[in-house]
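K.L.:
Take this structure first; my questions come after.
A short reminder: the numbers here are calculations on the coordinates, not readings from a lab. Please read these numbers as outputs of a predicted model, since none were measured by experiment. As a convention, Cβ positions derive from the backbone with ideal geometry for all residues, glycine included, and neighbour counts pool all protein chains shown.
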Amino acid sequence: MLSHRATKRIAGIFALMAASFTFQSAYAQNNGFFRNNSVGGISINANGVVSNVDMESRKLLLKELRQNMKPAQGKMASKTELRMVSLRGLENAIAQAVKEPEGALPDEVKYLAGLQRIQYVFVYPEQRDIILAGPGEGWKIDDKANVVGVTSGQPVLLLDNLLSALRAVNAPQPERISCSIDPTKQGLVNYKNTLNRLSRAGVRNPNILAPQLKRAMGNQTVSINGIPGNTHFARILVAADIRMKQIAMELDDSKVLPGFITSAKNSVSVTNANVNPRWWLACNYDSVARDAQGLAWEIRGQGVKTMTESELYQENGQVQAAGKDPAAEKWAQLMTDRYDALGKEDPVFTELRNVMDMCVAAAVIRNHNLQQAAQLELPHLLGEQGSLATEAWHTPREVSTQTSFIKTSRGLTITASGGVDIDYLSPTQNPTLSPEVRKVWEKAESLYSAGQWWN
């Protein structure tokens with residue numbers, strides 16, 4: 001093992017994958033060439049192995065997406081704080097599309113009329129409808145191949161992800177949604193043995209250490225639970241996790257969040273060469289609010305927070321919980337505090353919040369029997385008829401290990417792992433009464449027009 005006194009370095013080791021996954025226009029056949037081979041700067045082969053993609057492929061992807069996207073027209077292109085999307089209207093639009101020979105959905109359906117966050121869930125029994133509502137505007141493709149609002153530059157909600165959320169939450173036995181990227185047990189054994197061997201040999205040069213430690217660790221394993229791994233939803237989880245680690249270990253820069261290594265290198269709290277921080281992104285919601293009638297619901301809270309704990313890697317490759325490190329906790333809190341700013345810098349963090357919002361909204365509908373209250377059947381949205389599948393992508397299974405070194409007053413070796421955890425049930429279990437939510441419901445009712453699935 002490298003001694004504290006001798007090495008005076010931190011080795012940051014974790015799975016590195018480009019964090020910008022783009023939405024491939026669902027149900028569009030002419031973009032299929034790029035579906036798995038050029039996704040926001042990375043390539044995923046049929047075996048699920050992730051690698052970088054060349055810039056020329058990215059340019060071709062952007063060209064293809066922009067050529068096939070139709071901009072929003074009329075009022076739908078305007079920015080509003082209360083864009084309303086009817087689930088009945090969506091269901092009918094999908095039912096009509098699947099009857100057509102090509103089965104193509106219009107862009108306003110695929111991009112949910114430019115809705116950018118689900119803040120409210122409204123039930124209108126007389127219209128037999130459920131409404132998802134929040135801010136919205138027209139859409140465009142940004143330079144990273146994300147579908148974003150024309151003025152805000154922030155992601156719009158995607159039908160493909162809504163389908164995944166609704167179906168996961170309404171599964172016969174729904175599971176907690178999560179992803180994790182971790183070294184294999186054998187990889188950890190190999191890593192420890194290599195580190196001990198290099199220490200005994202007196203190797204201190206990062207240019208020698210890095211490739212040998214990377215080779216010893218091997219590829220890390222991607223685990224996805226609660227949703228199919230071949231969905232765009234799953235890719236958002238993986239991408240956000242990776243991007244967080246890139247920033248933490250300073251393998252990529254952020255203008256709004258300093259890396260963990262810089263803040264920790266002089267920290268007295270980080271003392272054990274075998275103890276490694278684990279960060280993960282989790283739900284950050286208050287209890288949902290409702291009106292007295294149970295027809296108006298508001299999703300409250302920032303949406304996402306960063307959590308941390310420390311792990312001890314043993315010689316046999318086993319991982320043992322080792323409490324919490326104050327320096328890692330401080331960095332996690334800083335990321336939580338600056339999460340909205342991070343989302344503006346990198347849309348993948350906003351996309352993660354968006355899919356969490358979708359899951360909470362789906363849980364509100366299911367747990368409080370809103371479909372029954374509206375007498376609304378959603379066979380296409382819930383996948384009961386099998387007529388509309390989510391777009392299939394190659395499932396991420398393995399990610400290469402990368403290393404970074406930095407001088408420090410202590411000789412530490414840090415291996416970062418983590419993931420994403422979506423506990424969509426907790427925010428819905430103890431709703432609070434709010435007269436203000438009813439007022440928004442009444443305002444939305446005045447804007448509602450039966451037969452038009454967006455306001």
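K.L.:
Per residue of region 95-103, in order, report the coupling 6.51 cos²θ - 1.76 cosθ + 1.60 (Karplus, θ = phi - 60°) as ³J(HN,Hα) in whole Hz, putting x for Gly and Pro.
P.N.:
Listing the rounded values in order: 4, 5, 5, 6, 7, 6, x, 8, x Hz.
K.L.:
Measuring from label point to label point, each 7 Å out along Cα→Cβ, what is the residue 68 to residue 56 span in nm?
P.N.:
2.2 nm
K.L.:
State, to one decimal in nm, how far the label point of residue 219 lies from the label point of residue 400, with both points 7 Å from Cα in the Cβ direction.
P.N.:
Result: 1.2 nm between the two label points.
K.L.:
Would you please give the residues with an amide H less than 5 Å from that of residue 455, counting only those at least 5 places away or on a separate chain, with H modeled from the backbone geometry?
P.N.:
84
K.L.:
Let me ask something else about it. Going by C-beta contacts inside 10 Å, put 355, 288 in order with the fewest on the left. Walk me through the numbers on the way to the answer.
P.N.:
Working: 355 29, 288 25.
Taking fewest neighbouring Cβ atoms as first place, the list is 288, 355.
K.L.:
Net charge within 13 Å of residue 174 by Cβ-Cβ distance, Lys/Arg positive one each and Asp/Glu negative one each, not counting residue 174 itself?
P.N.:
Details: positive: 167, 176, 366; negative: 175, 423.
After counting each charged neighbour, the total is +1.
K.L.:
Still on this structure, I have one more. Applying 1/(1 + (r/R0)^6) with R0 = 35 Å to the Cβ-Cβ distance of residue 200 and residue 334, what FRET efficiency is obtained, to the nearest 0.05? The partial results should precede the final answer.
P.N.:
On the way: r = 38 Å, r/R0 = 1.08.
Using R0 = 35 Å, I get an efficiency of 0.40.
K.L.:
Taking H placed 1.01 Å from N in the peptide plane, check which residues at least 5 places from residue 139 or on another chain put their amide H under 5 Å from its amide H.
P.N.:
Residues meeting the criterion, in which the H sits 1.01 Å from N, are 72, 150.
K.L.:
Just to check I understand the Karplus step: with θ = phi - 60° and J = 6.51 cos²θ - 1.76 cosθ + 1.60, what whole-Hz values come out for region 191-200, glycine and proline as x?
P.N.:
The phi angles translate into 4, 4, 4, 5, 4, 5, 5, 5, 5, 4 Hz.
K.L.:
Report the local net charge at residue 375: Lys and Arg +1, Asp and Glu -1, summed over other residues whose C-beta lies under 11 Å from its C-beta. Kindly include the intermediate steps, with their values, before the conclusion.
P.N.:
Working: positive: 88, 128; negative: 126, 129, 377.
Spelling it out: positives minus negatives among the neighbours equals -1.
K.L.:
Related question: Find the relative contact order for region 66-224 and round it to a whole percent, using C-alpha pairs within less than 8 Å whose residues are 6+ positions apart. Present the calculation step by step, with values, prior to reporting the outcome.
P.N.:
Working: 217 pairs, mean separation 31.3, N = 159.
Answer for region 66-224 is 20 percent.
K.L.:
Applying 1/(1 + (r/R0)^6) with R0 = 60 Å to the Cβ-Cβ distance of residue 255 and residue 452, what FRET efficiency is obtained, to the nearest 0.05? Each step should come with its number before you reach the end.
P.N.:
Values: r = 41 Å, r/R0 = 0.69.
For residue 255 and residue 452, the calculated efficiency is 0.90.
K.L.:
Please list 3J(HN,Hα) in residue order for region 379-386, calculated via the Karplus relation 6.51 cos²θ - 1.76 cosθ + 1.60 where θ = phi - 60°; whole Hz, with x for glycine and proline.
P.N.:
x, 6, 5, 8, x, 6, 9, x
K.L.:
Long-range amide H contacts for residue 177: which residues qualify at under 5 Å (H placed 1.01 Å from N, peptide plane, sequence gap of 5 or more or a different chain)?
P.N.:
422, 424
K.L.:
Measure up 144/443; 63/99; 185/255; 214/344; 70/99; 59/305 against 26 Å on the Cα-Cα distance and list the ones that go over.
P.N.:
Values: 144/443 37 Å; 63/99 30 Å; 185/255 35 Å; 214/344 32 Å; 70/99 22 Å; 59/305 34 Å.
With Cα atoms farther than 26 Å apart: 144/443; 63/99; 185/255; 214/344; 59/305.
K.L.:
State, to one decimal in nm, how far the label point of residue 77 lies from the label point of residue 47, with both points 7 Å from Cα in the Cβ direction.
P.N.:
Distance between label points: 4.8 nm.
K.L.:
Also, quick follow-up: If you stretched the chain out fully between residue 98 and residue 263, how much longer would it get, using 0.36 nm times the residue separation minus the C-alpha to C-alpha distance?
P.N.:
Values: separation 165, 0.36 × 165 = 59.40 nm, distance 5.41 nm.
Extra length available between residue 98 and residue 263 comes to 54.0 nm.
K.L.:
Within the set of other residues whose C-beta is less than 13 Å from the C-beta of residue 110, count the net charge using Lys and Arg as +1 and Asp and Glu as -1. Walk me through the intermediate numbers first.
P.N.:
Working: positive: 70; negative: 107, 108, 160, 391.
Residues close to residue 110 contribute a combined charge of -3.
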